[in-house]
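Q: Structure below; questions to follow.
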Amino acid sequence: MRLLIQTQGLLLSREDRDLIRSRIQQAFGRFGRQTVGATLHLQDINGPRGGQDKDCQLVIELEDTTAVITDRGADLKAVVNRAIHRAVQTIRRQLKHQQLRTRERVSLRSINERSRDARRTRDHQLAFDLDG
């Protein structure tokens, strides 16, 4: 999985980068090869003044879908963890919807095939009755 961490207005230590990287890989590794990549944008909005100023945008790309999660708070690690958690929930929900849509298409196709086969059988029987 490709992972890019971008920062603006704040410095991340190597330990923090490694921790974030491992947390993202652990969280999205469960989706296997479906996970194409992740981009994490971190920004300190108002500098050293403090407050709810750590902005986080997490973009997770899967083969069939993309999830974009944004969050803001005072504690950078808490904001990142919350965004990762929300992204996992979002992707699970999106994949579940995709599976349901696939099942519905298969079910509709199956129903259409059965009704078509029933019409053929009925038409064949009607032709047989007329010949008979």
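The values are calculated or read from the model by the stated rules, or taken from the named source; none is laboratory data. Quick caveat: nothing in here was measured; it's all calculated off a predicted structure. Virtual Cβ from ideal backbone geometry, glycine too; neighbours counted across all protein chains shown. Please note that ligands, DNA and RNA were not included when accessible areas were found on the heavy atoms of the full protein model with its side chains. Shrake-Rupley method; radii C 1.70, N 1.55, O 1.52, S 1.80 Å.
Q: If you go through the stretch 1-34 one residue at a time, how many are surrounded by 11 or more Cβ atoms within 10 Å (Cβ to Cβ) and among the basic types (K, R)?
A: Within the stretch 1-34, residues that are surrounded by 11 or more Cβ atoms within 10 Å (Cβ to Cβ) and among the basic types (K, R) number 4.
Q: I would also like to ask the following. Look at Q52 and say whether it is outside any loop (DSSP other than H, G, I, E, B), among the polar types (S, T, N, Q) and more than 19 Å from the chain's Cα centre (by Cα).
A: no
Q: Another one. Taking the residues in the stretch 64-84 that are assigned to a strand (DSSP E or B), open to solvent by 20 Å² or more (accessible area, probe 1.4 Å) and within 18 Å of T35 (Cβ to Cβ) as candidates, determine which candidate is modelled with the lowest pLDDT.
A: Ranking the qualifying residues of the stretch 64-84, first place goes to T66.
Q: Take G37 and tell me if it is of a type outside the set (D, E), out of contact with any Pro (no Cβ under 7 Å at 6 or more places or on another chain), at pLDDT below 90 and not in a helix (DSSP H, G or I).
A: no
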